[in-house]
Amino acid sequence: MGISRDSRHKRSETGAKRAQYRKKRKFELGRQAANTRIGPKRVHEVRVRGGNRKFRALRLDSGNFSWGSEGVAKKTRIIGVVFHPSNNELIRTNTLTKSAIVQIDATPFRQWYEAHYGQTLGKKQAAQTAEPVQRSKHVERKFAERTKTAKVETSVANQFGNGRLYACISSRPGQSGRADGYVLEGEELQHYLRKIQKK
């Protein structure tokens with residue numbers, strides 16, 4: 001039997017069995033779950049109702065992630081799934097779905113921060129043995145102005161020290177063929193950190 005999305009096989013609100021008055025229909029069909037894993041990119045194209053196309057990601061290893069407080073998005077590597085609100089099995093198998101909490105490579109964001117603010121992020125101050133870079137006065141003024149708003153919350157800064165950031169996937173890899181999302185910050189980050197520690 002194929003996967004069906006109809007509700008005629010369900011009992012009514014009062015518990016009565018509904019009469020079967022027709023067979024399954026093509027417009028009620030469902031398909032196998034994509035179960036997107038981490039690995040070299042492999043995306044299948046699926047022809048769907050109306051001649052439209054869906055992109056079924058079977059393997060993905062990177063995505064576009066936005067850093068909301070800084071208003072910047074970077075393509076970065078997905079390292080692994082650390083928490084999933086629906087099923088612990090998806091953590092063990094590293095399955096990428098919408099709202100999966102993943103760890104991503106922090107390097108693109110750290111490089112952007114250092115280029116934008118002229119400050120190091122996540123590195124210990126003792127490790128700065130390189131000579132200071134010569135800059136023009138105009139650039140110094142620009143960095144000085146930007147430094148006023150260069151505050152990164154402690155829990156995010158600590159993650160930069162480890163070279164990994166917690167992020168949430170907000171796209172649907174089995175439908176759009178992409179694993180895009182956003183870096184976790186503030187209350188949401190604290191919530192998931194508690195969940196991860198409890199797990």
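Some observations on this one:
- Mean-position separation - Cα centroids, the range 167-199 and the range 26-87, in angstrom: 13 Å
- A convex hull fitted to the Cα coordinates of the chain yields 198 cubic angstrom per residue.
- Legend: residue pairs Lys75/Lys98; Lys41/Lys98; Lys74/Lys199; Lys75/Lys142, Cα-Cα distance threshold 19 Å; pairs beyond threshold, Lys74/Lys199; Lys75/Lys142.
- For the chain, adding -39500 (n - 2.57) for each run of n ≥ 4 DSSP H residues and dividing by the number of residues yields -7500 deg cm²/dmol at 222 nm.
- Segment Lys10-Ser62, extension gain: residue separation times 0.36 nm, minus the distance between their alpha carbons: 14.7 nm
- Projected-area average for the range 26-139 over all orientations - Cα convex hull basis, square nanometres: 12.1 nm²
- Over the range 149-194, the hull volume per residue, using the convex hull of the C-alpha atoms, is 105 Å³.
- Taking only protein heavy atoms and a 1.4 Å probe, the accessible area of the chain is 47% carbon and sulfur.
- Residues with amide H under 5 Å from that of Val43, placed H, sequence gap 5 or more: Leu58
- Cα→Cβ-extended label distance, 7 Å offset, between Thr154 and Ile3, nm: 4.5 nm
- The amide H of Gly181, built 1.01 Å from its N in the peptide plane, has Asn64, Phe65, Ser66, Ser170 as neighbours under 5 Å, considering only residues 5 or more places off or on other chains.
- For the range 1-114, accessible area per residue (1.4 Å probe, heavy atoms of protein chains only), Å²: 66 Å²
- Sparse-neighbourhood loop sites, trypsin sites (Lys or Arg not before Pro) in the range 5-37 - DSSP loop, at most 13 other Cβ within 10 angstrom: Arg5, Arg8, Lys10, Arg11, Lys17, Arg18, Arg22, Lys23, Arg25, Arg31
- Given charges at Cβ of Lys, Arg, Asp, Glu: the chain dipole, positive-most of Gly174, Thr147, Gly68: Gly174
The values are calculated or read from the model by the stated rules, or taken from the named source; none is laboratory data. Predicted model only: the values in this text are computed from it and were never measured. Note that we place each Cβ from the backbone using ideal geometry, even for glycine, and neighbour counts take in every protein chain shown. Quick note on the areas: whole protein, heavy atoms, side chains included, nothing else; ligands and nucleic acids left out. Shrake-Rupley method; radii C 1.70, N 1.55, O 1.52, S 1.80 Å.
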